[in-house]
Amino acid sequence: MAESPAWIQPGLTATLIWYDGVGEARGGDRLYQVAGPVLEPVPASPYFLLAPLERSAFAGRLYRAEVTLADLRAFLGDLDVAEGRLSDELEFVATCRRAPLLPVLDAWGETAPAEVLPYLSDLNAFLPSDSGPLFVTPEAHAGLQREPERFGTAWICDGCGEAEDASVFLWTTHRDGFVHVRLAIENQGGVWTCRLHPFKFPREESHDG
């Protein structure tokens with residue numbers, strides 16, 4: 001299995017952008033024209049997932065819970081993960097390093113270490129060390145325990161009521177007695193904060209079936 005680039009580490013947080021144009025900047029950086037979403041405030045992380053605008057229908061299907069595992073892999077296969085910076089006008093992302101996203105996630109899926117977190121049933125959430133709560137409903141948590149590989153909706157904000165407003169989506173796999181979170185998408189009004197292989201949690205034997 002090919003190794004992932006040294007500049008990418010499991011657990012990083014990346015903001016997804018839809019782009020509709022690519023150019024070159026001085027110094028060799030590649031420029032991606034941002035077609036959405038509006039990134040205000042500017043994300044703290046210098047990492048981005050670069051998604052072609054023609055694939056944006058994926059977002060609507062995701063919110064409607066119509067995305068299968070095969071659909072997810074097809075979508076991720078069209079994305080790059082990049083290190084870069086937003087322009088002052090928030091119109092372009094200048095990237096200095098890029099790599100195809102799916103091979104990176106697949107490599108980490110078999111080898112990457114990950115922080116072990118408990119599920120906090122009183123909060124219906126996990127608490128990563130570098131962020132606020134990652135909400136997961138008890139029903140979704142049970143499904144993650146039961147299914148060897150799963151992608152789907154883990155939480156929708158009760159106050160909002162719609163997945164496009166505030167929601168969480170998880171891709172998980174089972175390995176070595178743990179449920180590994182390979183990808184977490186936290187949506188806030190169309191801005192996707194994506195956590196790449198951020199943590200794992202113990203698999204409970206009672207969910208074997």
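Annotations for the structure displayed:
- Residue ID - nearest to the chain's Cα centre (by Cα), chosen from residues in segment 35-86 that are over 15 Å from Trp192 (Cα atoms) and among the basic types (Lys, Arg): Arg73
- Criterion: in contact with a helix residue (DSSP H, G or I) (Cβ under 9 Å, 6 or more places away or on another chain), buried (at least 16 other Cβ atoms within 10 Å of the Cβ) and at pLDDT below 95 - qualifying residue of Ala163, Ala114: Ala114
Every residue, every condition in (1) touching a His at 6+ places or on another chain (Cβ under 6 Å); (2) in contact (Cβ under 8 Å) with a residue 40 or more places away in the chain; (3) of a type in the set (D, E, K, R), yes or no:
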position: Gly109; (1), (2), (3): no, yes, no
position: Ser121; (1), (2), (3): no, no, no
position: Ala140; (1), (2), (3): no, no, no
position: Arg146; (1), (2), (3): yes, yes, yes
position: Val179; (1), (2), (3): no, no, no
position: Cys194; (1), (2), (3): no, yes, no
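- Test: Pro198 is in contact (Cβ under 8 Å) with a residue 40 or more places away in the chain, in contact with a Pro (Cβ under 8 Å, 6 or more places away or on another chain) and either farther than 30 Å from Asp29 by Cα or surrounded by fewer than 16 Cβ atoms within 10 Å (Cβ to Cβ) (or both): no
- Residue under evaluation Asp130, criteria (1) of a type in the set (Asp, Glu); (2) surrounded by fewer than 18 Cβ atoms within 10 Å (Cβ to Cβ); (3) assigned by TED's automatic domain parsing to the domain that holds Gly21, criterion not met: (3)
- Boolean, Thr172 is polar (S, T, N, Q), touching a residue at least 12 places away in the same chain (Cβ under 8 Å), under 15 Å from Cys194 (Cα atoms) and in contact with a Leu (Cβ under 8 Å, 6 or more places away or on another chain): yes
- Matching option when the condition is touching a residue at least 24 places away in the same chain (Cβ under 8 Å), within 16 Å of Ser4 (Cα to Cα) and aliphatic (A, V, I, L, M), among Leu69, Leu86, Leu105: Leu105
- Selection status of Ile185, among the hydrophobic types (A, V, I, L, M, F, W, C), within 23 Å of Thr111 (Cβ to Cβ) and crowded, with 17+ Cβ neighbours inside 10 Å: yes
- Taken as a whole, the structure leaves Phe169 outside the set of residues that are under 28 Å from Ala82 (Cβ atoms), touching a Phe, Trp or Tyr at 6+ places or on another chain (Cβ under 6 Å) and either of a type outside the set (Asp, Glu) or at pLDDT 95 or above (or both).
- Residue selected from segment 166-182 under the condition crowded, with 20+ Cβ neighbours inside 10 Å and not polar (S, T, N, Q), by the criterion farthest from Ala142 (Cα to Cα): Arg182
The values are calculated or read from the model by the stated rules, or taken from the named source; none is laboratory data. From a predicted model like this one, the values you see are computed outputs, not experimental measurements. Note that we place each Cβ from the backbone using ideal geometry, even for glycine, and neighbour counts take in every protein chain shown.
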